[in-house]
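Asker: Have a look at this one.
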Amino acid sequence: MTEVYRLEHVGFRYEDDAVLDDVNLVVHPADFVGIVGENGGGKTTLLRLLTGEKTPLSGTLSFYGENGISKRAMHRIGYVPQINPTGGLSFPITSEEMVSLGLTRSITPRFFMNREEKRKVDASLAHLGIRHLAKKNVHLLSGGQKQRVLIAKALVDEPDVLIFDEPTVGIDRESKQQFYDTLVHMNTVHHITILLVTHEVDVGLSYFSRLFRVKNHRVEEINA
C-alpha cells in the first residue's frame, strides 16, 4: 500500500533559527492523525511542509510515492485553516462563494461558475448539511457553521487528504462534537486521510488513530 507521506531526516529553518530537525514521519492511507506541541514549536511549519507551501531544506519528503509535492498533486490535499475569532476578511462573501475558492485555490470567489463547478459546490455544501446556508454571508454564521463552510471548501475539489490547523478554536462544545463526528464519517466511510493540529488534545484524543508530538524540533509518535 502506497504511503501518503514519508518524511526522512527532514529539516527546516528560518535564517539561523532551526524549526524542524531530523524529522522522520510516515502517514498511511486513512490514518486519522492528531498533532500536538507547544506554541512556536514547529507545528505550523510542519503543516506548511505537508501542504507543499514550503519545501524541506534537508532530507526528503514524499507524497504518494513521489518526491516532493508538485502543483499537480496539490489538488489531492484540502487545507482548513484556523478560524479567525475576529472575523477575518470584512467584505461580504456567501457560503457558496467561499466554497468555490477551493476550486481555484485563489482569493477571488467564483461569482460565475459553469455547470460542473456549480454541481461540485452544491454537492460539497450538501455533504456537510449546510446547503441552506449557500446564500448566507459567512461572517454572520456561528463558529460551528463557519467551520463546516471551510470543510466544504476543502472538500470541493475531492481531495484524498484533509489537513486542519486548530479547527476547534472558538466553537462551542456541541459544535466540536459535530465537527469530530463529521471527520470520523469522512475518514471511515470515504477513507480520507486526516491530519489535525490541536492544543485541545483531550477533545480529539478518542478519535485519533495516531498521535504525534512536535517537541525540540523533532516529531515523535506517542500512544493515542
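The values are calculated or read from the model by the stated rules, or taken from the named source; none is laboratory data. Remember, predicted model here, so these are calculated numbers, not experimental data. Positions of Cβ are backbone-derived with ideal geometry, glycine not excepted, and every protein chain shown enters the neighbour counts. Accessible surface is based on the protein model in full, side chains and every heavy atom, while ligands, DNA and RNA are left aside. Shrake-Rupley method; radii C 1.70, N 1.55, O 1.52, S 1.80 Å.
Asker: If you plug each phi of the range 58-66 into the Karplus form 6.51 cos²θ - 1.76 cosθ + 1.60 with θ = phi - 60°, what whole-Hz ³J(HN,Hα) values come out, in order, with x for Gly and Pro?
Answerer: With coefficients 6.51, -1.76 and 1.60, one gets 8, x, 10, 10, 10, 10, 6, x, 9 Hz.
Asker: Carbon-plus-sulfur fraction of the accessible area of the chain, 1.4 Å probe, in percent?
Answerer: 49 percent
Asker: Please go through the residue pairs Lys120/Lys215; Lys43/Lys136; Lys120/Lys176; Lys43/Lys176; Lys176/Lys215; Lys71/Lys135 and name each one whose alpha carbons sit more than 28 Å apart in this structure.
Answerer: Pairs exceeding 28 Å: Lys120/Lys215; Lys43/Lys136; Lys71/Lys135.
Asker: Continuing with the same structure: For the chain, take the longest principal axis of its alpha carbons; what is the angle in degrees between that and the long axis of helix 95-104, to the nearest 10 within 0 to 90?
Answerer: Value to nearest ten degrees: 50.
Asker: Tell me the angle of helix 115-127 to the major Cα principal axis of the chain, expressed in degrees between 0 and 90 and rounded to the nearest ten.
Answerer: That works out to roughly 80 degrees.
Asker: How many nm separate the modelled label positions at Glu221 and His139, each set 7 Å beyond the Cα in the direction of the Cβ?
Answerer: 4.5 nm
Asker: Just want the answer: with Cβ charges of +1 for Lys and Arg and -1 for Asp and Glu, which residue in Tyr207, Gly129, Ile194 is farthest toward the dipole's positive end in the chain?
Answerer: Farthest along the dipole direction, towards plus: Gly129.
Asker: Another question about this same structure. Taking the chain as the reference, fit the longest principal axis to its C-alpha atoms, fit the long axis of helix 173-188 to the helix C-alpha atoms, and give the angle between the two in degrees, 0 to 90, nearest 10.
Answerer: 70 degrees
Asker: Roughly what would the spin-label model give for Val184 and Asp202, points 7 Å off Cα along C-beta, in nm?
Answerer: About 2.0 nm separates the two model spin labels.
Asker: Same structure, new question: Keeping all protein chains in place, calculate the accessible area per residue for the chain (probe 1.4 angstrom), answer in Å².
Answerer: So the chain comes to 52 Å² accessible per residue, rounded to a whole number.
Asker: Sticking with this structure for a sec: Filter the GluC sites (Glu not before Pro) in the range 112-217 to those in DSSP coil with at most 11 other Cβ atoms within 10 Å of their Cβ, and list the result.
Answerer: none
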